[in-house]
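> Here's a structure for you.
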Amino acid sequence: MLDGKKILVGITGGISAYKTASLIRLLVKAGAEVKAVMSSAAKEFVSPLTIATLTKNPVYTDFFNPENGEWHSHVKLGIWADLYVIAPATANTIAKMAHGIADNLLLTTVLSARCKVMVAPAMDVDMFQNPITRQNIDILRSRGVVVAEAAEGELASGLTGKGRMAEPDDIFAQIEQQLAVVQDFSGKNILITAGPTREKIDPVRFVSNYSTGKMGYAIAECLASRGAQVVLVSGPVGLKPVNKNIRLIQVESAAQMYKACVEEFPHCHAAIMSAAVADYTPKAAAPEKIKKNGEKEFTLTLVPTPDIAAELGKTKGANQVLVGFALETENEALNAQKKLESKNFDFIVLNSLNDKGAGFGYDTNRVTIVHRNGKTCPFELKPKTEVANDIANELLQLLK
Ligand code: CTP
């Protein structure tokens, strides 16, 4: 979670500039506010429009706008940022940084930055091994610049060796570390279910629902960045966990999700059941594709799936916390209260499909947390990353 963190990304002219687009996406997704400065060579590799679209901010490339003379203050940018990350950092930029050369906006901003500066070197193997580059990197390190080590592998030149830019995930993890999010969940193992389940009808069809997993994945990232070891049991979604503290178990059906959760829960301090589990599954999946038989109606017999949350609620130990979700379309509060009791949740996160901007597929959610003692905490409509933080804060109170 990088909520509210201000990150300035400097992009210099290297082929790995395309990977910086992914890094920016990760930062924005984690809640950071991102601005970018590009050198003129960088613009040859990735378009300012791409970067502006991803950062949702204009990109700074020159000291001033030649059209209207508007001044782009490197001093302001340097004061604004909580962290200045230069990725990729070419051998040329690293050399200039080491020797105080400031011949473009990106470099003047380095000189005036009050925040920590990080570089992700990217260059060919021979440039990287060159003693001048080695020395320049050492100079930067000795002045407190954080170096996201280059990786080994195939390089754009066709050579193989050390010099390729660290992967966006790795740089992201180092940024999180630098911005030192409070590790208040350290030592806690948390199980999270997310996404929909798919219940197989035949080899080409299934019963499922609209869940995208966004809320569950946001909770997983939030808790992991706050130090928890997270086991994320996920149905099929188009998301990938980023934080290294998340162990992903991919499942498809409710039965598979049940098995994974029953195995994992005894080793966990808490479980958060955010998955939209199918309540029914076809009685038997047809081994071959079901063909049209010309009849007007087709009947599929469904049988109940195991209730995962209810099972964990039954086996829950005195020191374990179980958190449920309820997505309702009517009688929200009453239904949530019933689920809270019947499944032995410690608290339940209620969201209503009647709220605009909340529910399946949105990046925002509006939830009310209902506790066992009847205490209810309504929250505003906000990004799912922030909702995740609110849920984590409630959970932390019970784990203490
Ligand atoms: N849940 C579960 N296993 C199931 C069904 C639900 O773990 N087989 C969990 C969900 O992840 C959620 C909570 O139970 O945390 C409530 O889910 P929901 O679908 O709202 O409730 P149901 O019990 O299925 O009731 P209904 O669909 O009738 O509202």
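> With respect to the numbered conditions (1) more than 10 Å from the ligand (Cβ to nearest atom); (2) surrounded by 14 or more Cβ atoms within 10 Å (Cβ to Cβ), which one is the sole condition not fulfilled by residue 284?
Failed condition: (2).
One line per residue, one yes/no per condition, for (1) in contact (Cβ under 8 Å) with a residue 60 or more places away in the chain; (2) crowded, with 22+ Cβ neighbours inside 10 Å; (3) of a type in the set (Val, Ile, Thr):
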{"residue": "57", "(1), (2), (3)": "no, no, no"}
{"residue": "75", "(1), (2), (3)": "no, no, yes"}
{"residue": "81", "(1), (2), (3)": "yes, yes, no"}
{"residue": "93", "(1), (2), (3)": "yes, yes, yes"}
{"residue": "111", "(1), (2), (3)": "no, no, no"}
{"residue": "124", "(1), (2), (3)": "no, no, no"}
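> Need the failing condition index for residue 167 against (1) touching a residue at least 24 places away in the same chain (Cβ under 8 Å); (2) within 17 Å of residue 97 (Cα to Cα), just the number.
The single condition residue 167 does not satisfy is (2).
> Report whether or not residue 291 is within 16 Å of the ligand (Cβ to nearest atom), of a type in the set (Lys, Arg) and without any contact (Cβ under 8 Å) to a residue 40 or more places away in the chain. Quick ask: steps written out before the conclusion?
Details: within 16 Å of the ligand (Cβ to nearest atom): no; of a type in the set (Lys, Arg): yes; without any contact (Cβ under 8 Å) to a residue 40 or more places away in the chain: yes.
No, not satisfied.
> Restricting to the stretch 309-319, and then to whatever is among the small types (Gly, Ala, Ser) and more than 10 Å from the ligand (Cβ to nearest atom), can you tell me which residue is farthest from residue 257 (Cα to Cα)?
Applying the filter and picking the extreme gives 318.
> While we're looking at this one, here's another question. Looking at the stretch 76-99, is at least one residue over 26 Å from residue 164 (Cβ atoms) and of a type in the set (A, V, I, L, M)?
yes
> If you check residue 201 against the conditions, is it of a type outside the set (Lys, Arg) and outside the structural domain of residue 310 (by TED's automatic domain parsing)?
no
> While we're looking at this one, here's another question. Of the residues that make up the stretch 11-27, is at least one touching a residue at least 12 places away in the same chain (Cβ under 8 Å), among the charged types (D, E, K, R) and in a strand (DSSP E or B)?
Checked against the condition, which is being touching a residue at least 12 places away in the same chain (Cβ under 8 Å), among the charged types (D, E, K, R) and in a strand (DSSP E or B), the stretch 11-27 yields no hits at all.
Condition check ((1) modelled with pLDDT of 85 or more; (2) within 11 Å of the ligand (Cβ to nearest atom); (3) β-branched (Val, Ile, Thr); (4) within 16 Å of residue 275 (Cα to Cα)) across all residues:
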{"residue": "321", "(1), (2), (3), (4)": "yes, no, yes, no"}
{"residue": "324", "(1), (2), (3), (4)": "yes, yes, no, yes"}
{"residue": "332", "(1), (2), (3), (4)": "yes, yes, no, no"}
{"residue": "345", "(1), (2), (3), (4)": "yes, yes, no, yes"}
{"residue": "373", "(1), (2), (3), (4)": "yes, no, no, no"}
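> Next question. Looking at (1) within 16 Å of the ligand (Cβ to nearest atom); (2) closer than 23 Å to residue 348 by Cα; (3) crowded, with 19+ Cβ neighbours inside 10 Å, find the lone condition where residue 279 falls short.
Condition (3) is where residue 279 drops out.
> Would you call residue 336 under 17 Å from residue 216 (Cβ atoms), of a type in the set (Gly, Ala, Ser) and within 12 Å of the ligand (Cβ to nearest atom)?
Answer is no for this residue.
> Looking only at the stretch 308-331, count how many residues are of a type in the set (Asp, Glu) and under 28 Å from the mean Cα position of the chain (by Cα).
Count: 1.
> Does residue 37 fit the bill of being farther than 28 Å from residue 243 by Cα, outside any loop (DSSP other than H, G, I, E, B) and outside the structural domain of residue 242 (by TED's automatic domain parsing)?
So residue 37 does not fit the description; no.
> Out of 311, 288, report the one residue that is in contact with a helix residue (DSSP H, G or I) (Cβ under 8 Å, 6 or more places away or on another chain) and closer than 23 Å to residue 198 by Cα.
Answer to the check: 311.
> In the stretch 215-252, what residues are closer than 12 Å to residue 274 by Cβ, surrounded by fewer than 23 Cβ atoms within 10 Å (Cβ to Cβ) and at pLDDT below 95?
none
> Further question on the same structure: Give, as residue ranges, the strands (runs of 3 or more DSSP E) completely inside the stretch 142-210 that count at least 2 residues that are over 25 Å from the mean Cα position of the chain (by Cα).
151-154, 160-164, 199-202, 205-207
> Suppose we filter the stretch 211-261 for residues that are within 13 Å of the ligand (Cβ to nearest atom) and more than 12 Å from the chain's Cα centre (by Cα); how many remain?
Result for the stretch 211-261: 14.
> Need pairs with beta-carbon distance below 6 Å; first residue within 19 Å of residue 390 (Cα to Cα) and among the charged types (D, E, K, R) and within the stretch 175-186, second part of a loop (DSSP other than H, G, I, E, B) and at pLDDT 80 or above; sequence gap 6+ or separate chains.
From the stretch 175-186, the pairs are 184/226.
> Restricting the search to the stretch 55-107, which residues are part of a helix (DSSP H, G or I) and touching a Cys at 6+ places or on another chain (Cβ under 8 Å)?
Within the stretch 55-107, 78 is the sole residue that qualifies.
> Taking residue 391 and the conditions (1) within 22 Å of residue 184 (Cα to Cα); (2) modelled with pLDDT under 95, which numbered condition does it fall short on, given that it satisfies the others?
Tallying (1) within 22 Å of residue 184 (Cα to Cα); (2) modelled with pLDDT under 95, residue 391 fails exactly one: (2).
The values are calculated or read from the model by the stated rules, or taken from the named source; none is laboratory data. Just so it is clear, the structure is predicted and the values come from calculations on it, not from any experiment. Ideal geometry is used to build each Cβ from the backbone, glycine not excepted, and the neighbour counts take in all protein chains shown.
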